[in-house]
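Beneath this line is the structure, given in structure tokens, with notes to follow.
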Amino acid sequence: MAEFDRGTSFLDQEAAKILEAPPPTLQLVEVADVFASPPPAPEYWIEQLMPAGVVTLLGAHGGTGKSMLALIAAVCMAQGLPFMGKATKPARVAFYSGEDPAPLLRWRLANICRHLDVDPADLSGNLMVLDATEGDPALYTRDGDVTRAYTELLRLAENRAADVFIIDNASDTFDGDEIRRAEVRKFVRALARLTRPQGGGVLLLVHIDRASARGNVGNDGGYSGSTAWHNSARSRLFLVTDAQTKDLELKHEKCNVGPRAEPIRLTWGAHGVIVPAGSMPDCSGLIATAHRDSVLRLLAEFYDRGEYIPTSVNAPGNAFKTLQGERSFPPRTQRAEFWRLLRDAERAGHLVRELYRTGDRKERERWSVTPAGRSAAGIAPSAPTARQPEESAPGASGAPSAPTAQGGMGGERARATRRTRGTRTPADTPPEGVEAGEVGAPVEADA
């Protein structure tokens, strides 16, 4: 503040104060000419998922695959290739790793390039991988200051050396208190500053909270700590794992600049690369259709013998445990691949879940290969099983005795019903015009 003589007028002193005051923090937004000078529509580095000029969060439980997914996104943007079915805008990408060291990053990149048929040499100049694991990867300190590493990233943005920054991840780069909103907000705003020189983008990887990790996902799932993580980001993605099949699903939980994308089903492909579900031949990962047919034949064989395979993955005699020891079981088929096969076969109408009662009248659910499934696998249609004659006590013609046991897993084959939407139809009498064994129709009783 300048010093004034006693003779300086009051107005002169006030004018000096105004000149030395910092510039205003508020900016007036012109609205009268939005029709005459229409503003540009929001742009995206990844269609719908990653808007330009803002911070996008990618949340997942540890070990789910978010680092692999983010590295795939980096390669796709660097080459202008589609990412999980979404168009990308070609970009110069800086992948900042505070978690995984260079050897692991190189191994993943090699597998990604093989899968995408990309020459790694073509990535030079468009993909910059930065290993920060040898030192302190923090970009923001407990004192509310940015670090030297952050300054280096900002310099890359200002020099137009990078358009998109992928930060892996918040737990390594944010050294503040994740439950303090003010600290979280400052950190996210600091990352947003990286996008300003060139309208770039930031993808920040975060861990999910404990409740979401246990599967109790609510509206605020997909990140850990203060709600400021959710509120400060303009777009938020959530990668979750199917507990049974181990498949993945990428959910778009928030987008402030446009409509949210529909969930994207993903799966693990060869060499640990995440791919869109269904993009690989033979039920998302099996090498040949013959593998699918082998499993369908085994299920039909067991069913026709009266050895029922329970549909539950947690049953002691579930399909994988029961069939994997069979000689015709597809070689080298892993548990996750097997359950994906069954799920896809069910969706294709090759398998259905049937309800039936055991000899002690307990209700159970079993797998049944449909006529369409038998045809696809080259299985001859099963002949109707002859009903066992009812035994009668001497001198009591027509009086039924106890049911005759047929053997097999789950007890006798008696009064099976096919699961339908909201109803269960007894198997003894198929509805008029519907053949026994059709999808949604009752199965003919065998006892």
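For residues that are of a type in the set (D, E, K, R) and open to solvent by 30 Å² or more (accessible area, probe 1.4 Å), scanning just segment 345-360, find the one that is farthest from Leu296 (Cα to Cα). Talk me through it step by step, then tell me what you get.
Residues of segment 345-360 that are of a type in the set (D, E, K, R), as a first pass: 346-347, 353-354, 357, 360.
In the following step, the residues that additionally are open to solvent by 30 Å² or more (accessible area, probe 1.4 Å) were identified as 346-347, 353, 357, 360.
On the way: Glu346: 11, Arg347: 14, Arg353: 14, Arg357: 23, Asp360: 29 Å.
Here the residue is Asp360.
For segment 239-277, a residue qualifies if it is more than 16 Å from Ala70 (Cβ to Cβ), of a type in the set (Lys, Arg) and assigned to a strand (DSSP E or B), and the qualifying residues are Lys254, Arg265. Residues in segment 121-143 that are among the small types (Gly, Ala, Ser), in a loop (DSSP other than H, G, I, E, B) and open to solvent by 30 Å² or more (accessible area, probe 1.4 Å): Ser124, Gly125, Gly135. Applying a threshold of 7 Å to beta carbon distances and a minimum spacing of six or more residues, or different chains, the list of pairs starting in segment 331-349 at a residue that is on the phi > 0 side of the Ramachandran plot and ending at one that is assigned to a helix (DSSP H, G or I) and open to solvent by 30 Å² or more (accessible area, probe 1.4 Å) reads Gly349/Ala372. With respect to the stated conditions, Val29 fails to be buried (at least 21 other Cβ atoms within 10 Å of the Cβ) and either modelled with pLDDT under 95 or more than 25 Å from His271 (Cβ to Cβ) (or both).
Only one of Thr289, Thr322, Thr311, Thr267 is of a type in the set (Val, Ile, Thr) and closer than 30 Å to Trp107 by Cβ. Can you tell me which?
Working: Thr289 fails: closer than 30 Å to Trp107 by Cβ; Thr322 fails: closer than 30 Å to Trp107 by Cβ; Thr311 fails: closer than 30 Å to Trp107 by Cβ.
From the options Thr289, Thr322, Thr311, Thr267, the qualifying one is Thr267.
Taken together, Lys254, Lys321, Lys246 contain a single residue that is within 25 Å of the chain's Cα centre (by Cα) and open to solvent by 60 Å² or more (accessible area, probe 1.4 Å), which is Lys246. Just one of the listed residues (Val118, Val184) is open to solvent by less than 60 Å² (accessible area, probe 1.4 Å), without any contact (Cβ under 8 Å) to a residue 60 or more places away in the chain, more than 23 Å from Pro51 (Cβ to Cβ) and β-branched (Val, Ile, Thr), and it is Val118. Among the numbered criteria (1) closer than 21 Å to Met84 by Cβ; (2) free of Cβ contacts under 8 Å to residues at least 24 places away in the same chain; (3) open to solvent by 60 Å² or more (accessible area, probe 1.4 Å), which one does Ala110 miss? Condition (3) is where Ala110 drops out.
The values are calculated or read from the model by the stated rules, or taken from the named source; none is laboratory data. Just so you know, these numbers come straight off a predicted model, no measurement behind them. With ideal geometry, Cβ positions are generated from the backbone for all residues, glycine too; neighbour counts draw on all protein chains shown. Note: accessible area is taken over every heavy atom of the protein model, side chains too, but ligands, DNA and RNA are not part of it. Shrake-Rupley method; radii C 1.70, N 1.55, O 1.52, S 1.80 Å.
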